[in-house]
Amino acid sequence: MPRLCERVCRSSVTVITGHHIALTSLAADHASGTVRVRVETDAVTAATRSAHVRLTAPSGRTFETELRLGADGAGTTEFELIDPELWWTHDLGEPVLHEASVELREGDAVVDTVTDRIGLRTIELDRGTTDSRRFQFVLNGVPVFARGAAWLPASTLVGSVSAQTQRDRVLRAREGNLNMLRVWGGGIYEHDAFYAACDELGVLVWQDFMFACVDYPDADAMLRREVELEAAYQVRRLRNRASLALWAGNNEVQVLHLAAYQSVDEGDWGWHFFMETLPAAVAAHDGLTPYWPGSPYGEGQGILSINGTDDGDRHTWEVWHGMVIPGMTIGPDEYPTIGDARHWRRYAYDTARFVSEFGIHAAPERATLQRWLGDELEVHSPVFDLHNKDTPKDKGDELLAVTTGLPQGIDEYIAFTQAAQAEGMLFGIEHYRRRQPETAGALMWQFNDVWPGFSWSIIDFDGVPKAAYYAARRASAPVAVSFTDTADGGLELWLVNNAREAVDVDIDVEIGAFDGSDRATRRVIGRAETGQSVRVLEIPTIEVPRDARHYAWASSPSGVFPAARKHFAEVGALELPTPELSVVGTRGGLQIASRGYAYQVRIEHTTPGMRLSDNCFDLRDGDQVDVTVAGVDPASLTVTSYRVARR
């Protein structure tokens, strides 16, 4: 019998143990910047060694520097770059990556070499002033409104996730106009492929340390040492990532400790990890990426200092869970029904500086359910409810009862839950973006899913987008418009701009009836500076027909922003006609037109890898759109629209 070695070295032996290459300062006009290079080795015969560092930009420009290592095996140097080619998020520019090479030399001999892809950028967290608190990311000196979602492991079997799956999911986020993904503290430190995809595709990463939802005995010496070692390893591993925007201490540890003990004072519950151990690791091994003690967290006073609206980031769970936050909004008992207490209208009361969680449940596509549940598709059957990890299992039904009506059968359950989630995410994102710069971010809970269940994700386990993905994509476009109600029953139209430059736009505004009659139109000219939200139109109460037969619509004649619309009744109460949809195959897609207003025109997903340029959109009477299709024959697709239940 052959002898088998049980333990082997799984990676190559290296002498260079770490390197950190980062842009530490940047001129206001971006004409020059300072790059700091640090190289760390095993320190053996370090005094005879030097390091040669080369940066090569995509344009071919090359920057080189040499540094001598000290007795500790490490060396640091800085050099000036003129006209640096900067890394940006995809919505602000190009995510430029440089090829970095670090050679360790002894005389003329090269002892070891490491290569990397480095993005040159500065990242800061603007906290405002004592009198005017803020929580805003600043990339290369440009304030960013974070539009994104929480990232979960792409499978409960984390080792089964391929690099291609990781990249595909991040690409979905970019295509969805998201510029930030929050790696949730209840998941894992992600695979290198995930961070590489974020670097390449221009998506910022909010990185939680892996602590979530419980107290941690930080007085335990063995656990404390493990945390120190793990934090140092992960910070050194990820510090060169251009996409890395924040280290956060945990997910919901402080807020749950506060709920249980009415205090977040120093103690043996994780306080020392989040206030001492983890920030020390970031300072020692990174030194440039901001650190934040937890999510949610704030530095205000009293019980609202954590998950309040005056400071820091916030998880907004009044919606869906029907929660009450002391001092915030009226509680669940003061609403007509528990469904009203779970309604997305409650986002309108949220004045948070940064929202790092908000969400609503929805079912996956039918094809995904059939792939994983087989024929067990009866609503609230044991198998059905097993795949819903929220409690109670009928929580969503209470929201549907006051919005879409209760579904009968799996097809209505899918349509109704996806409609509610889409309307809720649309309402929330539009509200938070109108509040900028006071609110500087909106991260949905959640982007993807760990298994084929019913959850808050906007793409399902197979990577198929739900209706909310497309609603969020339209609401998250760099330039967008939205309607909001006034206290006296009127209507306002707002223009928001998160592009790099100011925008001047023509906006066609229409109020019309679903059957195509009674259409009143006007053109508005709007201007918004970068990072600005501007009210561009006020429609008085007398001109707003608040009934179930009308809508408001705003569109760009030049295509600068996606069309926005508003209905004046709950989805289940809308008096929608039965539209006549015309579907014509084109080269690479479909041309869809409608006679009568069509709500949530849906191209049915049958293949996980299928990609659509748009889906789950509304069409007015006479509208026509072209949708590009990739990954499947367009002729095989079915196009439908939402049907309001009449019961």
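The values are calculated or read from the model by the stated rules, or taken from the named source; none is laboratory data. Quick caveat, the model's predicted, so the values are computed rather than measured. Methodologically, a virtual Cβ is constructed for each residue, glycine included, from the backbone with ideal geometry; neighbour enumeration extends over all protein chains shown.
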If I ask for residues that are among the β-branched types (Val, Ile, Thr), farther than 19 Å from Glu604 by Cα and part of a helix (DSSP H, G or I), which ones from the range 403-425 would you list? Thr403
Taking the range 322-342 on its own, how many of its residues are at pLDDT 90 or above, in contact with a Pro (Cβ under 9 Å, 6 or more places away or on another chain) and assigned to a loop (DSSP other than H, G, I, E, B)? 1
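Out of the residues in the range 343-383 that are of a type in the set (S, T, N, Q) and either at pLDDT 90 or above or assigned to a helix (DSSP H, G or I) (or both), which is nearest to Phe145 (Cα to Cα)?
Restricting to residues being of a type in the set (S, T, N, Q) and either at pLDDT 90 or above or assigned to a helix (DSSP H, G or I) (or both), the top hit is Ser356.
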Just name the residue that is surrounded by the most Cβ atoms within 10 Å (Cβ to Cβ) out of those in the range 430-449 that are under 20 Å from Pro392 (Cα atoms) and touching a Ser or Thr at 6+ places or on another chain (Cβ under 7 Å). Asp449
Keeping to the range 589-620, report how many residues are in a loop (DSSP other than H, G, I, E, B), at pLDDT 95 or above and over 17 Å from Pro562 (Cβ atoms). 1
Given Val282, Val319, Val227, which one is in a helix (DSSP H, G or I), closer than 28 Å to Arg167 by Cα and of a type in the set (A, V, I, L, M, F, W, C)? Val282
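Is there a residue being within 21 Å of Gly148 (Cβ to Cβ) and either assigned to a loop (DSSP other than H, G, I, E, B) or not assigned by TED's automatic domain parsing to the domain that holds Gly93 (or both) anywhere in the range 265-272?
No - not one qualifying residue is present in the range 265-272.
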Filtering the range 258-284 down to residues that are surrounded by 14 or more Cβ atoms within 10 Å (Cβ to Cβ) and at pLDDT below 95, which residue is nearest to Glu357 (Cα to Cα)? Leu258
If Pro392 satisfies all but one of (1) part of a loop (DSSP other than H, G, I, E, B); (2) touching a Phe, Trp or Tyr at 6+ places or on another chain (Cβ under 7 Å), what's the number of the condition it fails? (2)
Residue list for the range 426-456, restricted to those being touching a strand residue (DSSP E or B) at 6+ places or on another chain (Cβ under 6 Å) and either assigned to a helix (DSSP H, G or I) or acidic (Asp, Glu) (or both): Ile429, Glu430, Tyr432, Arg433, Arg434, Asp449
I need a count of the residues in the range 114-135 that are touching a residue at least 40 places away in the same chain (Cβ under 8 Å) and closer than 25 Å to Ala196 by Cβ. 11
Using beta carbons and a limit of 8 Å, which pairs, at least six apart or on different chains, have the first residue in the range 53-81 and in a loop (DSSP other than H, G, I, E, B) and the second one of a type in the set (Ser, Thr, Tyr) and surrounded by fewer than 16 Cβ atoms within 10 Å (Cβ to Cβ)? Gly73/Thr17
For the range 1-47: of the residues being under 18 Å from Leu69 (Cα atoms), hydroxyl-bearing (Ser, Thr, Tyr) and at pLDDT 65 or above, which is farthest from the chain's Cα centre (by Cα)? Thr41
From the option list Val170, Val138, Val110, single residue qualifying as in the same structural domain as Leu55 (by TED's automatic domain parsing) and without any contact (Cβ under 8 Å) to a residue 40 or more places away in the chain is Val110
Counting just the residues of the range 94-140 that are of a type outside the set (Asp, Glu), closer than 30 Å to Pro437 by Cβ and touching a Lys or Arg at 6+ places or on another chain (Cβ under 7 Å), which one comes out surrounded by the most Cβ atoms within 10 Å (Cβ to Cβ)? Phe135
When the range 361-384 is examined, which residues are found to be surrounded by fewer than 17 Cβ atoms within 10 Å (Cβ to Cβ) and among the acidic types (Asp, Glu)? Asp375, Glu376, Glu378
Are any residues in the range 472-508 crowded, with 21+ Cβ neighbours inside 10 Å, polar (S, T, N, Q) and in a strand (DSSP E or B), and if so, which ones? Ser482, Asn497
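Taking the condition modelled with pLDDT of 95 or more, assigned by TED's automatic domain parsing to the domain that holds Phe483 and closer than 28 Å to Arg611 by Cα, does Phe568 pass?
On the way: modelled with pLDDT of 95 or more: yes; assigned by TED's automatic domain parsing to the domain that holds Phe483: yes; closer than 28 Å to Arg611 by Cα: no.
When the stated conditions are applied, Phe568 does not pass them.
For the range 621-637, enumerate the residues that are closer than 25 Å to Leu171 by Cα and either outside any strand (DSSP E or B) or among the basic types (Lys, Arg) (or both).
First pass over the range 621-637, keeping only residues closer than 25 Å to Leu171 by Cα: 625-634, 636-637.
Once the filter is applied, which keeps residues that are closer than 25 Å to Leu171 by Cα and either outside any strand (DSSP E or B) or among the basic types (Lys, Arg) (or both), the range 621-637 yields Gly631, Val632, Asp633, Pro634, Ser636, Leu637.
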Of the numbered conditions (1) part of a strand (DSSP E or B); (2) of a type in the set (Asp, Glu); (3) out of contact with any Lys or Arg (no Cβ under 9 Å at 6 or more places or on another chain), Asp547 fails exactly one; give the number of that condition. (1)
